[in-house]
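Participant: Next up is a structure, given as structure tokens.
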Amino acid sequence: MLIAGFPAGAWGTNCYLVAPAAGAECVIIDPGHQAAEGVEEALRKHRLKPVAVVLTHGHIDHVASVVPVCGAHGVPAWIHPEDRYMMSDPEKALGRSIGMPLMGELTVGEPDDVFELTDGAKLELAGLELSVAHAPGHTRGSVTFQMPETADIPSVFFSGDLLFAGSIGRTDLPGGSMDDMLASVARVCLPLDDSTVVLSGHGPQTTIGQERATNAYLRRVAAGQGATDAPRRGM
């Protein structure tokens, strides 16, 4: 298994390239703001051939490079239908204008081919299996991707902006909901094995066991308690 990740752009959004091995086909997860150059560098370094782009949600810091990356390699993008509009209308997704200088750097719109993700789907791409879980809270169409445990590696969980090391995603943007966020954490995160490796949309990797022991939000959810203050991580 090969996972090459790097933080990209103004928001330091983690973009991941996932493949069975070097020299194989790969899936690209969340090519966000200014990620295209890093994607091409990783493809060359590891001799990878992309077959698809998959998106944890539609915020511009996660999708800004979808059009150039998909266009350069003739591959489709996958996104949940409730977040699809954000690719063409990022300002509506933020509830404000993000400013002409930044917008001038972005290629807004959809790639030629877009497929929609559904809860419980299993994507078979590049010799990989990605299980999709709808996880609203940060946005209405947020999803996570999980790869199964094998004899050699633990399960890997691409959490997007649902779960971070020590925190959870913000809920104060249009489509966000703390009630939905906590319900998603309870439904999607808590059942995972402690050994599950968490690769999130921002910040360092962690494990479910580490978060179960130290993340105040997971501990509150596990104890059946609520949370009142939304953290401000991610866009």
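The values are calculated or read from the model by the stated rules, or taken from the named source; none is laboratory data. Please read all numbers here as calculations on a predicted model, not as lab measurements. Every residue, glycine among them, receives a Cβ derived from its backbone with ideal geometry; neighbour counts consider all protein chains shown. SASA here: full protein model, heavy atoms, side chains in, ligands and nucleic acids out. Shrake-Rupley method; radii C 1.70, N 1.55, O 1.52, S 1.80 Å.
Participant: How high is the relative contact order of segment 1-52, in percent, with contacts defined as C-alpha pairs under 8 Å that are six or more residues apart?
Facilitator: The normalised contact order for segment 1-52 reaches 34 percent.
Participant: If you take every DSSP beta bridge whose two residues both sit in the chain, what share of them, in percent to the nearest 5, is antiparallel?
Facilitator: Rounded to the nearest five, the antiparallel share is 65 percent.
Participant: For the chain, which whole-number percentage of the solvent-accessible area (1.4 Å probe, protein heavy atoms only) is attributable to carbon and sulfur atoms?
Facilitator: That fraction is 48 percent.
Participant: In deg cm²/dmol, rounded to 500, what helix-only [θ] at 222 nm does the chain give when every DSSP H run of at least 4 residues adds -39500 (n - 2.57) and the total is split over its residues?
Facilitator: -5500 deg cm²/dmol
Participant: Here's a follow-up. So, with +1 on the Cβ of K and R and -1 on the Cβ of D and E, and no other charges, what is the size of the charge dipole of segment 1-70 about its Cα centre, to the nearest 20 debye?
Facilitator: That gives a dipole near 220 debye.
Participant: Then there's this: Could you grab the relative contact order for the chain? Cα pairs under 8 Å, six or more apart, rounded to a whole percent.
Facilitator: Value for the chain: 15 percent.
Participant: Name the long-range amide H neighbours of GLU25: under 5 Å, sequence gap of 5 or more, or other chain; modelled H, no Pro or chain starts.
Facilitator: It is LYS49, by chain and number.
Participant: Per residue, how much accessible area does the chain show when a 1.4 Å probe rolls over the protein heavy atoms, in square angstrom?
Facilitator: Here the per-residue accessible area is 42 Å².
Participant: Computed over the Cα atoms of segment 135-201, what is the convex hull's projected area averaged over all directions, in nm²?
Facilitator: 4.3 nm²
Participant: So if I place +1 on the C-beta of Lys and Arg and -1 on the C-beta of Asp and Glu, and nothing else carries charge, what would the dipole magnitude of the chain be about its Cα centre? I want it in debye, nearest 20.
Facilitator: Approximately 460 debye in magnitude.
Participant: Considering only DSSP beta bridges where both residues belong to segment 144-201, give the percentage that are antiparallel (nearest 5).
Facilitator: Of the beta bridges lying entirely in segment 144-201, close to 55 percent run antiparallel.
Participant: Further question on the same structure: Take the Cα radius of gyration of the chain and divide it by 2.2 N^0.38 Å, with N its residue count; two decimals is plenty.
Facilitator: 0.95
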